[in-house]
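The values are calculated or read from the model by the stated rules, or taken from the named source; none is laboratory data. Values in this document were obtained by computation on a predicted structure and should not be read as measured data. Note that we place each Cβ from the backbone using ideal geometry, even for glycine, and neighbour counts take in every protein chain shown.
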Amino acid sequence: MDFDDTPEEAEFRAGAHAFLEKNAQRRESGVGMVYRAGNEDPEFRKRAKAWQAKKADAGYAGITWPKEWGGRGGTPIQQVIYDQEEAKYAVPRGLFDIGLGMCIPTICTWGTPEHRDRFARKALSGEEVWCQLFSEPAAGSDLAGLRTRAERDGDHWVVNGQKIWTSGAQYCDFGVLVTRNDFAARKHKGLTYFFIDMKSPGIEIRPIKQISGASHFNEVFFTDVRVPDSQRLGGVGEGWKVSLTTLMNERYTIGGRIGVGVEDVFELARKIELDDGPALKNEAVRDKLADWYVSSQGLKYSHFRTMTALSRGETPGPESSIGKLVNGTKLQSIAAFAMDLMEQGGVITDPDLAPLAAAFQQTLMTSPSARIAGGSDEIMRNIIAERVLGLPPDIRVDKDLPFNKLPTGKA
Amino acid sequence: MNFDFGDDLKALRDHARRVLRERCTSAVVRRVLEGPEPYDKALWKDIAAMGWTGAAIAEEYGGAGLGHLGLCVLAEELGSALAPVPFSSSIYLAAEAVLSGGSEAQKKAWLPKLASGEAIGTLAVAEGPAKANPRKLRTTFRNGTLSGEKLPVPDGDVADVAIVVAQGDRGIVLAVVDLKSAGVTRAPVATIDPSRSHARIVFANAPAEALGGPGGGEALLHRVQDRAAVLFAFEQVGGAQRSLEMARDYALERYAFGRPIGSFQAIKHKLADIYVATELARSNAYYGAWALARDAAELPLAAAAARISANEAYFQAAKENIQVHGGMGFTWEADCHLYYRRAKLLSLVLGSTRLWKDRLITHLESANAAL
C-alpha cells in the first residue's frame, strides 16, 4: 500500500511537469478558490484556445484518445496524472470538456472515417468548440422524453423544437443533437441523433439567467433547421443507443472544485468571534468542521482507490460517482453554515465587505446546480442502487406505450 | 499509485472470510449472546491456531510478523462475522499497548502469550457512565499498587492481564496488572451487546507495574487509542458492509404492493446512502491502515477520520437495516439486532464520535497546514 507512481507513471509525470513548467504559470499558493473561469468571456476563450493548441502539440490533449483520432493512445491513469500536475498551474480550463469528453468520442464511434478526420483534430487543437443539445424543458433526468422533432425531407432532415441547459451554445461551432423522428414508436425507439453546425439558419440562442445571476447555459430554439442526412450518427430510430455513447464518455476528471471547501470554513471559524471566543473553539462548530473534513478525506482516498484501479488498467465502475453526490450537498451546507457564523452580516455579498471576497455567499447561490447538473442527486442514488447494489429499476409505466400516447404534465 | 491491499493480503482476507463463514455463523454468535459462555472458546482456539492473534506481533515475540495491514484485513472479516471472541481487547488494545509502551521485559512477558492466544488481555479506561477524563481519573497507581474501579472493561471477566489507565504521582500511568493477583475482584456486567462480554473490576492495592518508564502516560494512551481506532474501523466497515448486504438481500426478496420493496426509491435511496457512507468509511480506514503500517506522523489525523467515519457508517447501516426489514427487523429471530448492538458498542469502545471529533479538530488546529 503506497501512494507512489510506478516507474512508467513517474516518467510520464516528469514529462507533464516539464511541459507545464516551460509553458504555464504556477498558481499562487494561498489562493484557495478556483472559480469557474469565464467561458462567456471572448478574451478567456482566446487564451483557452491558445493553451489547448499548445497542449495538443505536446501530446497532452486527448491523452486517452486512440492515435487514429489524433490522440496519444495513453491510459486513463496518465490523464489523471496530467490533470493533477496541470491543477498546480494557472491555465484556462473547461472550454473543451464537453466537446472532447463527450461529443467527439461519439462522432468517432458512430461517424465515418471522414467525419473523424474532419472533426477530431480540430476539436483537439481547440480550433472548433462543441456543445451538447440533449436536455429539453420536459426532458431532464428523463432524457428519452425529448420531443424536438426531426422530419425527413429528401436527403435532409427538418428540425423543430427546443433544447435547454446548453453550455456554450452561443460560441460553439458544432453541436450534437438528439431528436424524435417517430412519435408513434415507443419512447426509446423513435429517436435519431445528428451533429449540426451551430451557425445553421433557424437556430436561435437565448441565455438563461441563473439564480446566481450568471448565465452559463442557454435555451436553443430550432425553427425549420435543415440538417443533411450525412450528419446523422447511427441508424434512424437508433438515437438512444448513440446518446448512451455520449453519456458514458464523461471522462474521469479530478474535478477542479467550484466553490468553498472545509479549509475555507475552518479559516473563517478561526477569525469569527462568538460569545465564548473564536468560533473554532465552539463545540457545535467543531462538530460540523469534523464532518466536512471526514467526508472530504473519505472522498480524497476514494479517489485514490479509483486511481489505483485505473493504474492497474481496470475500469472503475459507477461507484466512483459518489463524489458528485457527496460534494454537492457539502458545498451547500458549508456555504450556509459559514453564513450563519457571520450572523446578520452573512447576507452581504459585496466582495470588499464579506470574508473571502464573498465566496460563501457566491457558493450558496451556485451550489444548487452541483446537486442537479450532470445527474441529479436522485438520479445518482438510483444509479448506485441499481448498478452497484443490484436493486431493480423503477417500474416503468411508459416503456411499452407509443410516445404520443404517454401522459404529459405541464411542460 | 497503489492504494490497496496486496494480493497476499487479499488472499488472507478471502481465507478468513471462508473460515468465518463456516465457523462463525449467527448461531455461534447467538450462543454467546444468549448463553452463559462469555466468548466462543472453540472459535478463539481456532483463531489463535491460525496465527491471527499474532499477525502483527513480531516473530521474536512469538507472532507471525505479518504487519498491521494483515491485521486490518482480518479485523474487517471478524467485524463482518460479529466474531464473539476477545480479539479486539487482547490484540488491538492490550498487545498494541505493550508493543508501543512496554519495556523489553514486559514485551517478553506478555506478547508471546497474547500472540498465541494463551493469555487474553484488555485495556481498562472507563470509570462508569461519563467521559474518562485522563486528568480526573479516580483509579490510582502508587508505590506499585493499583486501587479503584474500572467499569466497563471489555472482556474484563475473562482477561488474564489488563492495562489499566490510572492516576500516578506525575500524571497518568498505564499500569500492567495480572488479573489473577490478590486485590483484584471482578464480575461480568450486562451491556447492550452480550455477544461481547464486559466486566466491572475493582482493584484494592493490587500489585501492578507501569508500562514503560515513568511519564508520557497520556501520550502513550493516545497512541494506543489511535492505533486501535484504525483496527476497530476495519471491524466496523466489515459490519457496515454486512448490514448493507442484508438490507439489500431482504429488499430484493420481500414483496409489498405487488413488487419487491427494493424497487421503491424510498428504499433504493436509503441503501445508496448507506453505500456512500460505507465507502467513505472504507477509504478513511484505508488511509488509517497506511498511516498505521508506516507509523506515519499523520496517524492521529488519519485515525480520527477513520474512527468518526466508521462509527457513523456502521450505526447508519445497522439501524437502517432494521428499518428496511420492517417489523421482522425488530424481532429477536432476525439477525439485524446483532449488528445494531455491535455497531453501538464499537462506536463507544474508544470514546464516542463526539470526543473523536473534538480530538480531530484539535489535531487540525495544531497541524494548521494539514488541511
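Structure notes:
- Pick from the stretch B:5-30, criterion touching a residue at least 12 places away in the same chain (Cβ under 8 Å) and among the charged types (D, E, K, R), ranking: nearest to residue B:78 (Cα to Cα): B:17
- Top-ranked residue of the stretch A:195-238 - restricted to ones that are in contact with a Phe, Trp or Tyr (Cβ under 7 Å, 6 or more places away or on another chain) and free of Cβ contacts under 8 Å to residues at least 60 places away in the same chain, ranked as nearest to residue A:129 (Cα to Cα): A:197
- Here residue B:310 meets the list (1) part of a helix (DSSP H, G or I); (2) more than 14 Å from residue B:231 (Cβ to Cβ) almost entirely, failing just condition (2).
- Residue among A:317, A:374 that alone is more than 11 Å from every other protein chain (Cβ to nearest Cβ), surrounded by fewer than 16 Cβ atoms within 10 Å (Cβ to Cβ), under 25 Å from the mean Cα position of the chain (by Cα) and within 29 Å of residue A:216 (Cβ to Cβ): A:374
- The condition of being under 26 Å from the mean Cα position of the chain (by Cα) and either within 12 Å of chain B (Cβ to nearest Cβ) or touching a residue at least 24 places away in the same chain (Cβ under 8 Å) (or both) does not hold for residue A:342.
- Here the condition is being of a type in the set (A, V, I, L, M), surrounded by 16 or more Cβ atoms within 10 Å (Cβ to Cβ) and within 14 Å of chain B (Cβ to nearest Cβ); of A:358, A:290, it holds for A:290 alone.
- Selected residue (criterion: nearest to the chain's Cα centre (by Cα)) from residues of the stretch B:161-183 that are over 13 Å from residue B:139 (Cα atoms) and surrounded by fewer than 19 Cβ atoms within 10 Å (Cβ to Cβ): B:178
- Residues that are closer than 21 Å to residue A:287 by Cα and either in a helix (DSSP H, G or I) or in contact with a Leu (Cβ under 7 Å, 6 or more places away or on another chain) (or both), drawn from the stretch B:288-307: B:288, B:299, B:300, B:301, B:302, B:303, B:304, B:305, B:306, B:307
- Meets criteria (at pLDDT 95 or above and closer than 18 Å to residue B:85 by Cβ) for residue B:155: yes
- Taken over the stretch A:211-236, the criterion of being in a loop (DSSP other than H, G, I, E, B) and either in contact with a helix residue (DSSP H, G or I) (Cβ under 7 Å, 6 or more places away or on another chain) or at pLDDT 95 or above (or both) is satisfied by A:211, A:212, A:234, A:235, A:236.
- Among the residues of the stretch A:380-396, not a single one is touching a Lys or Arg at 6+ places or on another chain (Cβ under 8 Å), within 30 Å of residue A:283 (Cβ to Cβ) and either within 14 Å of another protein chain (Cβ to nearest Cβ) or aliphatic (A, V, I, L, M) (or both).
- Of the residues making up the stretch B:249-288, those that are more than 18 Å from residue B:315 (Cβ to Cβ), surrounded by fewer than 22 Cβ atoms within 10 Å (Cβ to Cβ) and facing chain A (nearest Cβ under 8 Å) are B:252, B:259, B:260, B:263, B:265, B:269.
- When residue B:348 is tested against (1) among the aliphatic types (A, V, I, L, M); (2) within 30 Å of residue A:284 (Cβ to Cβ); (3) touching a residue at least 12 places away in the same chain (Cβ under 8 Å); (4) more than 10 Å from every other protein chain (Cβ to nearest Cβ), exactly one condition is not met: (3).
- Residue match in the stretch A:296-313 (condition: more than 10 Å from chain B (Cβ to nearest Cβ) and either acidic (Asp, Glu) or crowded, with 17+ Cβ neighbours inside 10 Å (or both)): no
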